[in-house]
Amino acid sequence: MELGGGCWLEIEKAEREKRRELVLQGPTIDAKIKDSGGLSIQVYDLSLLNYLEVSHCPSLRILQPELGKLLHLQSLILCRNGLVELPTTVGALRSLKVLDVSGNDLEIIPDELSQLAELNTLNVSCNKLQVLPGTLAGCLKLATLNCSHNRLTEIPQELFSPQLDLLSSIEATENEIIELSADVCNLVALKVLDLSKNKITEIPAELADCPKLKEINFRDNKLKDKRLEKMVNGCQTKSVLEYLRVGGRGKGKGKQELNDKDESKDKKKKMDRRQRKRDPQSEDAKDDLEELNKMVVRVLNVSESLGTLTVQVTTTVKDVRPYIVCCIIKGMNLKPGNALKRFLVAQTKLHDEICEKRTAATIATHDLSLIKGPLTYDGRPPKTLKITPLGRKETNAANLVRQLQFEAEEQRKLKKRQNVSGLHKYLHLLDGKENFPCVIDAEGHVISFPPITNSDKTKLTKSTKEILVEVTSSKSLQVCKDIMDALILKMAELNKFTFDQKEEVTLEMENEGSCPAMDACPQQESDNSPELIVQQIRVVDAQGNLKVVYPSKTDLNLENSILTVLR
């Protein structure tokens, strides 16, 4: 059979209806590609196309050179296939704005991409690339570059050209990059830079000169400056950039090599700090102690707490999502300014990153005052699992999933894109499940339906004082613990930030019978300190035998963290 031959009704229909968008994806298309020996060559005759997506087809190994005929193409989505190369004729797609070739087996990117003058988004993540072509600097409208999960040892020097004045986001996590060029300061539009999980030893001080930089991630590198290493693992971007701006701890360290005299001064400062620790009455020692207390977490053991909350895990949930850890957080101040919003945004970011878009684990947070224990972690048939989802009316899980699927389809049609947002992008995690996981309180109310949603009845508000946190996973108990550790570190960081900002308290009145005069009430003691208290929760099996307690003595032992845990 001719390569790419055979009958493709989808393509014939698109040609007949003069469509401008075409999506080919999934097992059916993959089988056709396998039988035909490749993508049908007919697709390249659809000269009106401005959007083409061919995805989730592992049998697709190459694209024919005729790809260059699609001169009106603006978006080319080729994610999660088996591509081993791109044709050089991709450079002929002069109208192309978005190119996504993530999740393939590419080892090289053709230099001809430099001819794509309109390209603003390039995603080459999750391939086998060892180098990026420096010629990409010719894409002067490039705004977003994602080259994560490859084998790169460097970001080409050419990509730090002042001509790339629209480049606002670079994601290069999980590569083998050993150095970041000091010319990064030339990227005047850079807002996001993610170089986590690489082999970087130094962060250039010039990074602080990027005028619009809002978010950086250098976690899991081997930085020589151990103070800086701790900061990148636990501080806001603003604090890290300020540290770099002043040259590090020694007002110049990091910008240039210290001479012998500077090293001598640094040693003297260390001796002075030791002396201050021996003399707790000194003002400097008090200042150091106050700084330490800004990021303190105190663990409250089960034996120390009254009315201890427990979670019982049933056998039904074993085959669905078997692992869960929980704890209670006290002292999280959500009242001032945007504190609540910052926390919810951070939780969403954790879901996308370390939770791997909820495939590894799911985080849920609740207002503890609205929950009656003990809790049960169970698996229930979709039609009998009733919940009031966030922002929706009470329904059963079957109807909720059906409604979300309908909304997802409408969203695809409206945006003419295959990707969806919000809860809709997690629906596939429930495929093939006879029972759905849920957390139920003592009154029979479902408060959580992982990995989809929480109950609207237990959602956090500005008046929330104590937070129940749960992390569930289908992978392992250790995954739950690791993510809970990361969440608590983030909560401590946010609470410190809120404390330092001293934002105005604007307690919004919720329909919870709250007192109209609460704004005038004196601040509670917890509002005057950023210290968090983490109260343990025991998880037991159906017979009452202990499965896990969090945090145990082995939890919250965070390396390179500026968090102090008091037990």
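The values are calculated or read from the model by the stated rules, or taken from the named source; none is laboratory data. In this text the structure is predicted, and so the values were computed from the model without any measurement. Note: ideal-geometry Cβ built from the backbone for every residue, glycine included; neighbour counts use all protein chains shown. Only protein heavy atoms, including side chains, enter the accessible area calculation; ligands, DNA and RNA are left aside. Shrake-Rupley method; radii C 1.70, N 1.55, O 1.52, S 1.80 Å.
Details
- Calculated Rg and Dmax of the range 19-174 using C-alpha coordinates, Å: 15.0, 48
- Averaged over residues, the count of other Cβ atoms within 10 Å places the peptides 353-360, 428-435 in the sequence 353-360, 428-435, highest first.
- Rolling a 1.4 Å probe over the protein chains gives S476 an accessible area of about 40 Å².
- Rolling a 1.4 Å probe over the protein heavy atoms of the range 140-226, with every protein chain left in place, gives an accessible area that is 46 percent carbon and sulfur.
- Cβ-defined net charge surrounding G68, 14 Å radius [Lys, Arg +1; Asp, Glu -1]: -1
- Electrostatic tally near C7: other residues with Cβ closer than 11 Å to its Cβ, Lys and Arg +1, Asp and Glu -1, net -2.
- Label-point separation in nm, N338 to N301, each point 7 Å along Cα→Cβ: 4.2 nm
- Taking E410, E112, E493 and ordering them by how much accessible surface each has at a 1.4 Å probe, largest first, produces E410, E112, E493.
- Karplus (6.51, -1.76, 1.60) ³J(HN,Hα), θ = phi - 60°, over the range 327-337, in Hz, Gly and Pro reported as x: 7, 10, 10, 10, x, 7, 8, 9, 6, x, x
- Calculated FRET value between K224 and D105, using beta carbons and R₀ = 35 Å, to 0.05: 0.50
- With every protein chain in place and a 1.4 angstrom probe, the accessible-area ranking of E409, E53, largest first, reads E409, E53.
- Entry comment: accessible area of the range 83-180 is 40 Å² per residue, from protein heavy atoms only and a probe of 1.4 Å.
- Ranking H366, H445 by solvent-accessible area of protein heavy atoms (1.4 Å probe, all protein chains present), from largest to smallest, gives H445, H366.
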